[in-house]
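Read through the structure below, which is laid out as structure tokens, and then see the notes.
The values are calculated or read from the model by the stated rules, or taken from the named source; none is laboratory data. These numbers were taken from a predicted model, which means no experiment stands behind them. We place every Cβ from the backbone using ideal geometry, glycine too, and count neighbours over all the protein chains shown.
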Amino acid sequence: MKIIVVTTHKGGVGKTMLAAHLAWHYAGKGLRVLALDLDMQGNLSSTLSRHSCAITAGTLFQQEQPEALPDGTPGQVTLIGSDKALAAAGKSGMAIVGLFVKQMRALAANFDICIVDTNAELNYLVVAALAAATHAISPSDMSSFAREGVHSLLQVVQKLQQQHNPDLVFLGVLPNRFAATKPADVQNLCVLVDTFGAGNLFPAILRDGNAYREAMEPIRGDDASGPRPIWEDRKPAAQSHIADMVKVLAYLDRRVFPETEPVVALV
């Protein structure tokens, strides 16, 4: 099972939006997708609530294995949602890291890929996720605070690669909410390149706009216009954002599944 952790040590940079789109994308390719919400705010849990299973994320940090592990279905997303137990787990020390890795190994036979959304705080939940991960990705908006969050994350990734998870692949920093008409964004994008190097940045950018926010609107009752992938939006204003996302996903396919021919069929 591939495990992609979406993480940055700053809130509001698009982690949940990206995690949800990765889950939708790989389900659309026929894979058995596990979406795991380790953010106590539970935004991914709200977005993918219709896919919830019987267990919640806190159980993955316990000594005992859950009685009934979820079993994936090809072409569908299964959500292990956030719960209140994560607050205590995040402060429990390195002991929970090994427990989490063990639980994820137990789930590996049931799913093809797991997408993990994390909180913005650097705690043991993030460390555990990265210790179990095969890949990590860090979205960043154009603010200096987001850049600082990425820098601290990279230090953690490097330490984990050296001490716990040598197979962890950092996929790169994904510039998000970029507006080419804003000189400050252009300047900050250049600073991102100078700071982390072009090789640590995605060869694609997600431009700023309302299309992603509209796609991620929470479900209201039986409203069919609830959370949905952006490529289902047929409005002309969304088309440039769909093109951005297609480029991001195509790059991810090549990096995460290099042994297969990448196919990105979104529309």
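Could you look through segment 29-65, keep only residues that are of a type in the set (S, T, N, Q) and part of a strand (DSSP E or B), and pick out the one that is surrounded by the fewest Cβ atoms within 10 Å (Cβ to Cβ)? Steps first, please.
At the first step, the residues of segment 29-65 found to be of a type in the set (S, T, N, Q) are 41, 43, 45-47, 49, 52, 56, 59, 62-63, 65.
Remaining after also requiring part of a strand (DSSP E or B): 52, 56.
Working: 52: 17, 56: 20.
Per the criteria, the residue is 52.
Is it the case, given these coordinates, that residue 73 is in a strand (DSSP E or B) and either touching a residue at least 24 places away in the same chain (Cβ under 8 Å) or not aromatic (Phe, Trp, Tyr) (or both)? Here the answer is no, as residue 73 does not meet what is asked. Could you grab me the full set of residues in segment 127-139 that are without any contact (Cβ under 8 Å) to a residue 60 or more places away in the chain and either under 16 Å from residue 169 (Cβ atoms) or in a loop (DSSP other than H, G, I, E, B) (or both)? If the condition is that a residue be without any contact (Cβ under 8 Å) to a residue 60 or more places away in the chain and either under 16 Å from residue 169 (Cβ atoms) or in a loop (DSSP other than H, G, I, E, B) (or both), then 131 is the only one that fits.
Inside segment 1-28, can you point out the residues that are part of a loop (DSSP other than H, G, I, E, B) and at pLDDT below 95?
Passing the criteria: 7, 8, 9, 10, 11, 12, 13, 14.
Condition first: over 21 Å from residue 32 (Cα atoms), within 18 Å of the chain's Cα centre (by Cα) and not in a helix (DSSP H, G or I). Now tell me which residues in segment 91-126 satisfy that.
Step one: of segment 91-126, the residues over 21 Å from residue 32 (Cα atoms) are 91-99, 119-126.
Add one more test, that the residue is within 18 Å of the chain's Cα centre (by Cα), and what stays is 119-126.
Of everything in segment 91-126, those that are over 21 Å from residue 32 (Cα atoms), within 18 Å of the chain's Cα centre (by Cα) and not in a helix (DSSP H, G or I) turn out to be 119, 120, 121, 122, 123.
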